[in-house]
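Notes follow the structure.
The values are calculated or read from the model by the stated rules, or taken from the named source; none is laboratory data. On a predicted model such as this, the values are computed, not experimentally measured, just so you know. When we count neighbours, we look across all protein chains shown, and the Cβ atoms used for this are built from the backbone with ideal geometry, even at glycine.
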Amino acid sequence: AKETGKNNCQLFTLAMNERAQQRLVLEKDLRKAIEGRHFEVWYQPKVHLPTGGIIGMEALVRWRREDGSLTPPLEFIPVAEETGMIVPIGEQVLEAACRQAKTWHDSGYGHLALAVNLSVRQLAHKGLIDFIERLLRRTDIDPSLLEFEITETAIMSRVEQAVAVLEEIRRLGAHITVDDFGTGYSSLYYLKRFPIRGLKVDRSFVSNLPSDADDLAIVRTVVSMARGLGLHVTAEGVENVAQMETLRSLDCDFGQGYLYSPPLAAGDFERLLETSGGI
Ligand code: C2E
Ligand code: CA
Ligand code: CA
Ligand code: CA
């Protein structure tokens with residue numbers, strides 16, 4: 001029994017080492033990717049539910065590896081967040097996305113709103129506002145077409161600091177949307193107090209529409225509350241026509257999801273704009 005215990009212990013140590021090893025490799029590769037600017041920004045259309053027109057896009061980061069493969073955000077954002085590497089990555093994403101949006105604005109799609117995700121760590125970073133301010137000047141993008149998606153968890157994790165940053169963002173003329181609404185420490189208080197423009201209803205409330213009566217009630221309530229507060233509502237994860245029709249009947253403003261399009265590389269997004277006639 002003593003031997004088995006020892007063997008188990010060795011196996012456990014080996015497994016630990018392997019995980020620690022993988023983590024170190026990931027961190028090292030991420031550092032190289034930041035230096036080499038190996039991140040791509042993909043775009044998923046946001047659609048005006050009543051008309052089906054594309055009103056904007058969400059920028060979503062992808063990591064292009066040396067072998068050509070793409071690593072999705074969920075495989076590196078958490079580590080980037082823990083190590084602080086999300087700050088330079090986020091800056092590269094924001095810069096690339098603003099430049100791209102400006103190109104589209106100048107080529108006949110002047111109405112497209114660009115949404116970019118901001119994480120807790122980015123929100124806490126002292127240089128954020130300066131970076132955005134300089135970027136707006138450098139790219140000459142219309143700030144009212146720039147929107148930041150921030151989760152309620154990120155906002156609530158340091159309320160006082162978050163309010164100040166959100167107010168600065170508003171001062172620059174850009175907008176703020178609450179991402180994954182309904183999944184975090186929701187507080188109705190911040191909806192009133194914070195300078196936000198809209199709510200993004202989390203996919204988990206959308207996926208079982210219209211059959212799940214609870215989700216139906218939740219989405220209906222969120223939309224009616226948003227109406228009362230003068231906020232827009234976007235539903236994420238719209239995958240089928242039944243969900244879309246339900247969201248329309250609930251008077252939800254915007255939708256995003258595989259039904260319309262998955263996130264696309266810039267060139268493919270541009271072709272989508274052309275074929276859908278822009279609006
Ligand atoms: P999110 O902000 O909630 O983004 C929506 C995610 O849902 C995206 O995953 C998108 O591809 C996926 N999605 C879109 N439509 C559908 C659908 O109809 N069905 C399903 N099942 N999924 C759909 P993605 O691109 O893998 O991004 C995952 C998360 O990584 C994002 O969640 C966001 O939290 C984070 N992220 C992505 N890009 C960035 C970035 O540039 N900066 C920061 N800070 N976080 C990012
Ligand atoms: Ca988002
Ligand atoms: Ca979301
Ligand atoms: Ca979500």
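The residues of region 152-161 that are aliphatic (A, V, I, L, M) and surrounded by fewer than 21 Cβ atoms within 10 Å (Cβ to Cβ), listed by number, are 156, 159. For region 147-162, filtering for residues that are within 14 Å of ligand 1 (Cβ to nearest atom), in a helix (DSSP H, G or I) and of a type in the set (Asp, Glu) leaves 1. Condition check for residue 149 on (1) within 27 Å of residue 76 (Cα to Cα); (2) surrounded by fewer than 17 Cβ atoms within 10 Å (Cβ to Cβ): one failure, at (2).
Considering each of 99, 197, 203, 121 in turn, give the residue that is of a type in the set (Lys, Arg), within 28 Å of residue 237 (Cα to Cα) and in contact with a His (Cβ under 9 Å, 6 or more places away or on another chain). Testing whether each residue is of a type in the set (Lys, Arg), within 28 Å of residue 237 (Cα to Cα) and in contact with a His (Cβ under 9 Å, 6 or more places away or on another chain) leaves just 197.
Exactly one residue out of 222, 178, 233 is touching a residue at least 40 places away in the same chain (Cβ under 8 Å), surrounded by 15 or more Cβ atoms within 10 Å (Cβ to Cβ) and aliphatic (A, V, I, L, M), and it is 222. Residue-level check: of (1) out of contact with any Pro (no Cβ under 8 Å at 6 or more places or on another chain); (2) modelled with pLDDT of 95 or more, residue 56 misses just (1).
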